[in-house]
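Encoded as structure tokens, the structure appears first; notes follow it.
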Amino acid sequence: MAGLLTFFTACKNDSSYKTLIITGQNNHLWKASSPILKQILDETGIFSCEIMLTPEKGGDMNTFNPDFSKYKLVVLDYNGDSWSDKTKSGFLQFVKDGGGVVVYHAADNSFPEWKEYNEIIGLGGWGNRNQKDGPYVYYKHNELIKDTTAGNGGSHGKRREYLVKTRMDHPITKGLPDRWLHGTDELYSQLRGPAKNMQILATAFADSALGGGTMRDEPMLMVLSYGKGRIFHTTMGHADEGGGPAMQCAGFITTLQRGAEWAVTGNVTQKVPFDFPTVAGVSLRSDFKQMTIEEVMAQIGSYDITKSTKYFTYLESEIRKQAGDETGLLNLEKMMVTVLKNKETTVEAKRLLLKELSWMGSEYSVPVIKDLLTNNDLKDEAAFAYARLHSKK
Amino acid sequence: MTNKSSRRDFVKRSAAVIAGAIVLPQIIPSSALGMGGKKPPSDRIVFGLIGTGSQGMSDCRDFLRLNNEVQFVALCDVDANRLKKAKEEIDISNKNKDCRTYGDYRELLEKEKLDAMLIALPDHWHGIIYSAVANKKIDVYGEKPICRTIEDGQTIVSAVKKNNIIWQTGSWQRSEANFHRGAELAINGRVGKLKYIEVGLPDGNRGIGTPPVQEVPPELNWEMWLGPALKVPYRGVSHWNWRWILDYSGGQLTDWAGHHIDIANWGAGLENTGPVEIKGTGVYPVDGIYNVPVEYDFRCKYSNELEMRVANASRLPLGMGTTWHGDLGWVHVDRGNIISASDPKILNEVIGEKEIHLYKSDNHYQNFVDCVRSRKETIAPVHVAYRAISVALLGEIAMTTGQTIKWDPYKESIIGNQRASRMLSRPYRQPWTLPTV
């Protein structure tokens, strides 16, 4: 009874999932990446993250002894010395009991000798991984290949932007474009491992013409199960100082957030953001945060067509996402009308807004459009919008 | 289409040209006086050309390659340099300097007596000019897509019918053997009952950002180039690249609808109807003035349980071209004389005497010329072109709204969606209006 009470209290007091980010050793810039991972996950409101550091390389690993049972999710940003047996078994028990795991980038380089860990990550690279550790797994001509050829595991070509291709329907990929351009990153290739209970959600083609590559569709996002635990593995997100384009990529951020939620609950409740990249171009968030639609509208107000039209593209994307939702569309329309009425708004921005309102607007827009029919700069666009809003078709 | 207009009308109009020639005797070149096995001018079809850009001139040369069937006597363009160059080329062909040039099609229509007009313009001008030329009872060879909006298309179709003119759309694939053969196999059930059609069109353009506003070059009448479209400052994008801006075009999708969607309709018997439900997604450029979709993928359902998917080629297993899938197999056609099938035996099938034999033409330009003389329907008549581009325009509306669009192909209206319905037409910038038919 007491246990039950504690359970309910825990749920009531803190609905976000306690998350442990483990780092402290990595051949990558973990001091840059781990706070960004925390920010990305905390921002969803679904997770509350703590970062826990292991001792430095060569330090006494017995002092690293987290109580995994306090957490719903463990995020691995760690590539370093072996953990103590106690910590290892604590981690395995956590996963077996249904704990969620996110394997981030070089975490799949870690612990080549730890069998169970490699079953959790599915595929890994470097650390003398070779044919003894499992097959290479990739797609070739849309066929899933498990390739037992001898050879080292792990490679990547020159860093570049690359196209990520969604391979299957899954809560994490639901609503995402089937192909999208990722910010400049390492394209992990030739990973090999046990690959048990693993599904590949997305791949990227390692094109040798674009800076070295295997000419295979290499796994980028994977989901696995281990015991009752769910694992989300992203090979993406190589960190520069301050994060850099691989971590700023709205595609990396969104898939990480969605993958983390799925790892905890088996489901994804987050909406696909309007700035999710497409094949048309990368979408970077300079501060890793998603803009609100209000911030987008503010940007549109000071819109200078020679600088960028991307905020307007975001607005159009958001309008499509609200399709069929009259309340949502009216909210957007009200925001558009506010910007349209604002004296500070540029003429270029007003022209674009009038064209957009011409099809998506309602009677709500009509008074302000009517006022603009006599405005020298905007009369054509106002007449266009007015006529369309009153077309009889 | 029945032809109430007769051979006599054509002869009458030819006579009018000859009458004009008497006033201006230099119009009759000596080479045309029935010498050297060439047709005398009275037998040649007197053409005007509106739009002397790359497509207009390419079509023009194709007409001139015919055996002295046509003569171009009047040219029109909003770019004085292009007009001058085109006249030089036509003068050489005519062996005189008499070809007239115009910067405004209205003046051309007022002054010239023509049998036929070749028209190759940006799509946003099609509604007005195709209808205006039809209203002058001049036969038209018009470039696809025939319209930028459904309403433009309806107006053009009405104008062509009411004035009984001969119309040929520049959907020249119809006059190529492989497309004809593929469509004939499909429509005669050689792949079984048609279930699914896949149409692959080119991938989109990635964009150029936003070039700075520039001074309009002295040879270009920018105001006239824009015409009914909303006024925008000149940024060096006009000829050719108008294709990537939604005000003037729907991109590769609408450009190619008049080819592979048209062929798909031909082989599926959909030339006089349209889909009942359309849904899909587009990918739009993130930044810059080019705003047509760079990727597009939508599905159309037809009342007979048939589905058509239209997408940019890299999204489809067979890439570019049209593939008809039936319950017994498939046939695929594409440019480059490509025709393939799920079973090569399908390609050897003979179409029996009592089966459907589709209209046959070996030369798209000759077909138009022949029909201008015979007053018979061409291989690519206007209502067929309208149904082909309608598919793309409805797909565009579905992608823009993010919604499933319900379409009544008989009433030609969108059902129960006011927002989507607004996109069936575009108000024109004053003083331009669609001609009344």
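Readers should treat all values here as calculations from the given coordinates under stated rules, not as data from a laboratory. Every value quoted in this text rests on a predicted model; they were computed, and no experiment measured them. Here the Cβ positions follow ideal geometry from the backbone for every residue, glycine too, while neighbour counts run over all protein chains shown.
Before moving on, here are some points about what is shown:
- J(HN,Hα) series, segment A:290-298, from Karplus relation 6.51 cos²θ - 1.76 cosθ + 1.60, nearest Hz, glycine and proline x: 6, 5, 7, 5, 5, 5, 4, 5, 4
- Cα gyration tensor shape for segment A:299-389, rounded if a/c is under 1.5, else prolate or oblate: oblate
- Taking the Cα centre of segment B:173-273 as reference, the dipole from Cβ charges on Lys and Arg (+1) and Asp and Glu (-1) amounts to some 400 debye.
- Out-of-range pairs (alpha-carbon distance over 20 Å; input A:K38/A:K86; B:K113/B:K136; A:K70/A:K96; A:K57/A:K88): A:K38/A:K86
- When the Cα gyration tensor is reduced to axis lengths a ≥ b ≥ c, the ratio a/c is 1.5 or higher for segment A:185-275, and with a/b not above b/c it is classed as oblate.
- Exercise: per-residue mean of other protein chain Cβ atoms within 10 Å, B:206-215: 2
- Spatially proximal lysines relative to B:K231 (Cα-Cα < 21 Å; intrachain offsets below 8 disregarded): A:K307, A:K350, A:K355, A:K370, A:K379
- Cα gyration tensor shape for chain B, rounded if a/c is under 1.5, else prolate or oblate: oblate
- Residue-averaged beta-carbon neighbours from other chains (10 angstrom radius) around A:273-281: 5
- Integer Hz, Karplus 6.51/-1.76/1.60 couplings in order for segment B:348-362, x for Gly and Pro: 8, 4, 9, 8, x, 4, 8, 7, 7, 10, 6, 3, 10, 9, 9
- Here segment B:61-137 is treated with +1 on each Lys and Arg Cβ and -1 on each Asp and Glu Cβ, and its dipole about the Cα centre works out to around 160 debye.
- Scalar couplings 3J(HN,Hα) for segment B:254-260, obtained by applying the Karplus form with A = 6.51, B = -1.76, C = 1.60 to θ = phi - 60°, are 7, 4, 8, 4, x, 10, 6 Hz; x denotes Gly and Pro.
- Per residue, the convex hull around the alpha carbon atoms of chain A comes to 175 Å³.
- Here the average projected area of the convex hull drawn through the C-alpha atoms of the protein assembly as shown stands at 41.9 nm².
- Screening chain B for whole DSSP H helices with an alpha carbon extent of at least 27 angstrom along the helix axis and a mean Kyte-Doolittle hydropathy of at least 0.5 yields B:382-401.
- Positive-end residue of B:G251, B:S413, B:N164, charge dipole of chain B with Cβ unit charges: B:N164
- Highest-first arrangement of A:110-121, B:413-424, where packing means the average Cβ count within 10 Å: A:110-121, B:413-424
- Between the listed residues B:T210, B:G200, B:V46, the Cα displaced farthest toward the positive end of the dipole of chain B, a dipole computed from Cβ unit charges relative to the Cα centre, is found at B:V46.
- For A:G213, the residues 5 or more places off, or on other chains, whose built amide H falls under 5 Å of its own are A:S208.
- Relative contact order of chain A, pairs being alpha-carbon contacts under 8 Å that are 6 or more residues apart, as %: 13 percent
- Think of chain B as a dipole: +1 on every Lys or Arg Cβ, -1 on every Asp or Glu Cβ, centred on the Cα centre; then among B:C99, B:I278, B:V331, B:C99 lies furthest on the positive end.
- Taken about its Cα centre, chain B carries a charge dipole of roughly 980 debye when the Cβ of each Lys and Arg holds +1 and the Cβ of each Asp and Glu holds -1.
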